[in-house]
Amino acid sequence: GQKLTMDSALKLLLIKSANDIAVAIAETIGGNTDNFVAQMNAQAQRLGMNSTHYVNPNGLPGKGQYTTARDLALLALIIKREFPEYAHYFSLEGVTTGKKNYANFNMLVGRFDGADGMKTGFICASGFNQVASA
C-alpha cells in the first residue's frame, strides 16, 4: 500500500470523498474501525448530535446509520469554532498527490468570498448533499 501523510489523507478525504482513506484514517487513529466509530458516536453525543448514529467511518450507507441536516450543521459549526487550524482544508480548490491532480467540484469554493465547501457527497440513498458555510 501507498503511504500518505495525514495532511494528504485529509485533503483527499475532503476533495475526492476517498472512502478508503476514511477507513485508513480510522484505523490509524482508532486502532481499528470499530474503535474509531465508537469514538465518533461518543463525540456526537457529547456535542449534542442526538439524531446521529454512525456505523462506519466513511458515511456510506449502513444498517443503523443515520444523521440529520441539523446535526451536521452543528458539527460544522463546532469544527469551525473549536478547530480553526483546519479551516484551510475546507476551501481547497484541489489537491495533488504524486502525479495526480484532483479538482474540488464544490461550486462554492473560490467563487463566493468567505464561502467554504466543508464537504460534499453523493450516494444513491440520499442523492447529492453538502455541508458549507460562509
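Given the structure, is LYS80 over 15 Å from VAL131 (Cα atoms), of a type in the set (Lys, Arg) and outside any strand (DSSP E or B)? No.
Rundown of residues vs (1) in contact with a Gly (Cβ under 6 Å, 6 or more places away or on another chain); (2) more than 16 Å from SER17 (Cα to Cα); (3) among the aliphatic types (A, V, I, L, M), yes/no style:
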position	(1), (2), (3)
THR67	no, yes, no
LEU72	no, yes, yes
GLY110	no, yes, no
PHE122	no, no, no
SER126	no, no, no
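For first residues located in the range 90-109 and more than 25 Å from ILE78 (Cα to Cα) and modelled with pLDDT under 90, partners that are of a type in the set (Ser, Thr, Tyr) and surrounded by 15 or more Cβ atoms within 10 Å (Cβ to Cβ) and lie 6+ apart or on another chain with Cβ distances below 6 Å form the pairs THR97/SER8. When the residues of the range 83-99 are filtered to those that are touching a strand residue (DSSP E or B) at 6+ places or on another chain (Cβ under 7 Å) and part of a helix (DSSP H, G or I), the one that is surrounded by the most Cβ atoms within 10 Å (Cβ to Cβ) is PHE90.
The values are calculated or read from the model by the stated rules, or taken from the named source; none is laboratory data. Everything numeric in this text was worked out from a predicted model, so none of it was measured. Quick reminder, even Gly has a Cβ in these numbers, built from the backbone with ideal geometry, and neighbours come from all protein chains shown.
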